[in-house]
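The numbers here are math on the coordinates, done by the rules we state, and not lab data. Since the model is a prediction, treat every value here as computed from it, not as a measurement. Glycine gets a Cβ as well: all are built from the backbone with ideal geometry, and neighbour counts include every protein chain shown.
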Amino acid sequence: MRMRWKAGVVLLALGAPALALAVSPGGSLYVKAKNTRVMKSPSPTADAVVVLQPGQQVVWNGAEPSNKQWHKVTAPGGKQGFVFQTNLSTTPPRMELVAKDGNARQVDPAAFVASGAAVKALSPGAEQYSKEKGGDYAQSAEQLKQLEKLARDIKPAAIARHVTDAELFPVVGGSEVAGASGSSAAKKKGGAR
Amino acid sequence: MSRHLSVIVAAVLGGASAGCANIALNSSALSSGSAFAGRVMENGAKAVHDASKCNAFKVEPAVKEEYALGGAVAVHWVQRGGGLRLKGSGEPEVNVYLNTVGKNLAAQSERPTLEWTFGVLADSKNFTALSSPGGYVFVTHRLLAGVQNEAELAGVLSHEIAHIVLKHAIHQYTSSKVSLCKALAVGNAVGGALLPPAVVSTVVSGGDHGTLDLDGNTSLLGKLAEKTIDLLDKGNSKDEELEADRMAAQLMMSAGYDPRAFVSLLKRTDEGGGVFANHPKRDDRVENIEDYLKQVRATEGKQEFAGLTTQGLKSPPLPHEVTAQQGGVARDTK
């Protein structure tokens, strides 16, 4: 995926969570969550016609009258379908800052993942600092590394299963691939719970 | 590893951040001095010049720098919390559950592509949650024992996620960088203590466009992480707490949790759990969230797109993995 850079540094000016800006049918909305599925019909068990990632824009065509938590959208590339309400936002995700050529540059979430900068493990500096402090600090660093590995191994499919079992909103899709039922992973019981 | 928190590291549900920009230099280090720091400033004009360069640090750091800082701060939280509950009977399953719930919430935040990590501190005395830049969130064993359903837990995790998304601790960190730079620029011996000359030179020059290579210099990382923790120990500002509470309610509704569960948990705490003078009172926190929910309800059913709904929200029961771990720890929230 091509990197999308915005040059320049960002001054510390972070805003409070605000209510959604007004967007009318025909306007643009942003995808919030990983593996956001655009479904053939307004149901979490329908097939996904396309899977989108955070920061991508869709055209909002209004709420489905029979189930207003599902919204009709046109995805990039023209495919149409239905997206769950809370997968969409009137504001884009925050840009992440990646150092490049001596500057901190803003990148969108997709480019952030593509850059490899999203991969977190206890940083070399933090690990070395913990070793130099010794004792409980070094042991704490080792425990953190184990915890990070456990966390990394929990994939969207497991999250989707849990959401189904707990009857929460089907926001995070189990798969990055469209086609088969977008919630095939979610249909399997016994996920993380 | 110690099983006791030597310091109450943060207010209940308070996360890790504060709004104060002042840096209190460590008085114990005053006598240590630095020969190099004295060489940094050759005259008053130089000092004025160097101090102005410190404004370069008033920017958000890149993620790599955030990860380094966050990792070092997280190590402190784990150490203070008596270690992580990782390998005891049933503990791996609890960690899988906690990370599943937490990552689902974080995936819907404004920083969905960070690699988020959620853990349980061994501390069974303090009803506390903590966060660290870069996506680290911790709850104490005591807190885990005190939540009554998954929505309450989601409220706590969402509040901590909000502190990270809103970069409250990063604000403290940037204040620490500016403060250190200014101290070095005017030849303050404390600021330069134990730092190699080349590092001092980099800092007084404003880093590389405000960026510092913390991974490349652990003494600088340690100094800045500990300065930041000094500030975090003072607690969050009232405004930051209220801001994080609103975003927590937002994340809960996005995922399908009933945010009234978070309100219910707050009401069971002693004055919202705040132990710091600048923290909002429990009733202020409750009122703040309830006001936000009223605003969300007012947007429902309008012609325009509403990103949230108050319909169909749940408070799922805790799974057996968690309830099995709740025994033996006081479940009250005071």
**Message:** So for each of A:136-146, B:142-152, B:280-290, B:64-74 I average, over its residues, the number of other beta carbons within 10 Å; can you give me the resulting order with the highest mean first?
**Reply:** B:64-74, B:142-152, A:136-146, B:280-290
**Complete:** B:LYS294 neighbourhood, Cβ < 13 Å, K/R = +1, D/E = -1, net charge -1
**the stretch A:61-179: translational diffusion in µm²/s, Stokes-Einstein, Kirkwood Rh over Cα pairs, 20 °C, 1.002 mPa s** = 117 µm²/s
**Asked** So which aspartates and glutamates can A:LYS40 reach, going by Cα to Cα under 17 Å and dropping same-chain residues fewer than 8 places off?
**Response** A:GLU64, A:GLU176
**Asked** Hey, what's the per residue convex hull volume over the C-alpha atoms of the stretch B:225-317, in cubic angstrom?
**Response** 126 Å³
**Asked** Within the set B:LYS234/B:LYS281; A:LYS72/B:LYS314; B:LYS167/B:LYS238; B:LYS58/B:LYS177; B:LYS238/B:LYS267, which residue pairs have Cα atoms separated by over 19 Å?
**Response** A:LYS72/B:LYS314
**Formal net charge of residues neighbouring A:LEU52 (Cβ-Cβ distance under 12 Å; K, R +1; D, E -1)** = +3
**Asked** Given the pairs A:LYS32/B:LYS53; A:LYS32/B:LYS125; A:LYS149/B:LYS223, which are separated by over 32 angstrom at their Cα positions?
**Response** A:LYS32/B:LYS53; A:LYS32/B:LYS125
**Request:** Using only atoms on other chains, find how many Cβ atoms lie within 10 Å of each Cβ of peptide A:153-160 and report the average.
**Result:** 4
**Prompt:** With a sphere of radius 11 Å drawn around the Cβ of A:PRO42, what net charge do the other residues whose Cβ falls strictly inside it have (Lys, Arg +1; Asp, Glu -1)?
**Reply:** +2
**Item:** the stretch A:96-148 - Rg over Rh from alpha carbon coordinates, Kirkwood radius
**Value:** 1.14
**Complete:** Sequence order, the stretch A:122-130: Karplus ³J(HN,Hα) from phi using 6.51 cos²θ - 1.76 cosθ + 1.60, θ = phi - 60°, Hz rounded, Gly and Pro as x, gives 3, 5, x, x, 5, 5, 5, 4, 5
**Message:** For B:SER315, what residues show an amide H to amide H distance below 5 Å, using hydrogens built from the backbone and excluding near sequence neighbours?
**Reply:** B:ASP258
**Prompt:** Measuring from label point to label point, each 7 Å out along Cα→Cβ, what is the A:LYS149 to B:LYS302 span in nm?
**Reply:** 5.0 nm
**Request:** Could you let me know the centre-to-centre spacing of the stretch B:56-87 and the stretch A:50-67, using Cα atoms, in angstrom?
**Result:** 36 Å
**Request:** Would you mind telling me the antiparallel percentage of the DSSP bridges in the stretch B:65-150, rounded to 5?
**Result:** 50 percent
**Asked** In whole Hz, what ³J(HN,Hα) sequence does the stretch B:305-319 give by Karplus (6.51, -1.76, 1.60; θ = phi - 60°), x for Gly and Pro?
**Response** 5, 10, x, 10, 9, 9, 8, x, 7, 10, 10, x, x, 6, x
**Cut-off under 5 Å, modelled amide H: who pairs with A:LYS100 long-range** = A:ARG105
**Complete:** Which residues qualify? For A:GLN56, with a placed amide H closer than 5 Å and at least 5 residues away or on another chain, they are A:VAL31
